[in-house]
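For reference, the structure discussed in these notes is given below.
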């Protein structure tokens, strides 16, 4: 059985979707969720779903080996960032090479980098009158949103779409594709 650990910072809809997708699978399961936000809604979702969830602070993540040691004890086959906003420290990247992935709400390399997440991305897409946008699932490296692309899915941006409309389209792409790509990665089909 493959083991998945999720990192999230906010509401946790992607985390919940992944947990539910793998709940009754024989090949993989989400064993833990970690968050840098002690007030994140993802913690409530995990409690409801019976998944172990822990919050940590910046010192535990970047200045010590606390989070690294939690991960070593969990022995994940894949670490999935699902709305996690902090840059990953090198000690974790080195311990889990090619085992950390992220989902980004744009077609990278467009609208990537520090500060480009959620509503900021959707506002930029609308402001620049882009005709399409989408999601990118990529490996995590030492730079924001610059790891090797694993998968992209696109959707049209209509002339009168608001950032809220774009956010809804992106959310639908995430819900549809993210669990399937994770499953394929775990079975080495990507």
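Tabulated results
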| item | result |
| --- | --- |
| The listed residue being modelled with pLDDT of 95 or more and within 22 Å of residue 137 (Cβ to Cβ), out of 85, 71, 54, 43 | 71 |
| Flag if residue 19 is in contact with a helix residue (DSSP H, G or I) (Cβ under 6 Å, 6 or more places away or on another chain) and either assigned to a helix (DSSP H, G or I) or closer than 17 Å to residue 187 by Cα (or both) | yes |
| Hits in the stretch 22-55 - residues which are touching a residue at least 40 places away in the same chain (Cβ under 8 Å), assigned to a loop (DSSP other than H, G, I, E, B) and over 17 Å from residue 103 (Cβ atoms) | 25, 27 |
| Meets criteria (exposed (fewer than 14 other Cβ atoms within 10 Å of the Cβ) and closer than 28 Å to residue 168 by Cα) for residue 38 | yes |
| Residues located in the stretch 144-180, provided they are within 18 Å of residue 97 (Cα to Cα) and touching a residue at least 40 places away in the same chain (Cβ under 8 Å) | 144, 145, 147, 149, 150 |
| Selection status of residue 61, part of a helix (DSSP H, G or I), under 20 Å from residue 188 (Cα atoms) and either touching a helix residue (DSSP H, G or I) at 6+ places or on another chain (Cβ under 6 Å) or touching a residue at least 40 places away in the same chain (Cβ under 8 Å) (or both) | no |
| Single condition residue 29 does not satisfy, out of (1) surrounded by 18 or more Cβ atoms within 10 Å (Cβ to Cβ); (2) in contact with a helix residue (DSSP H, G or I) (Cβ under 6 Å, 6 or more places away or on another chain) | (1) |
| Extreme residue, surrounded by the fewest Cβ atoms within 10 Å (Cβ to Cβ), among residues of the stretch 64-83 that are under 16 Å from the mean Cα position of the chain (by Cα) and assigned to a loop (DSSP other than H, G, I, E, B) | 77 |
| Answer from 92, 135 - the residue that is in contact (Cβ under 8 Å) with a residue 24 or more places away in the chain and within 15 Å of the chain's Cα centre (by Cα) | 135 |
| Answer from 99, 110, 154, 114 - the residue that is surrounded by fewer than 19 Cβ atoms within 10 Å (Cβ to Cβ), more than 19 Å from residue 14 (Cα to Cα) and modelled with pLDDT of 95 or more | 110 |
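The values are calculated or read from the model by the stated rules, or taken from the named source; none is laboratory data. Computed from a prediction, not measured in an experiment: that's the story for all the values here. Counting neighbours? That spans all protein chains shown, and the Cβs are built from the backbone with ideal geometry, glycine included.
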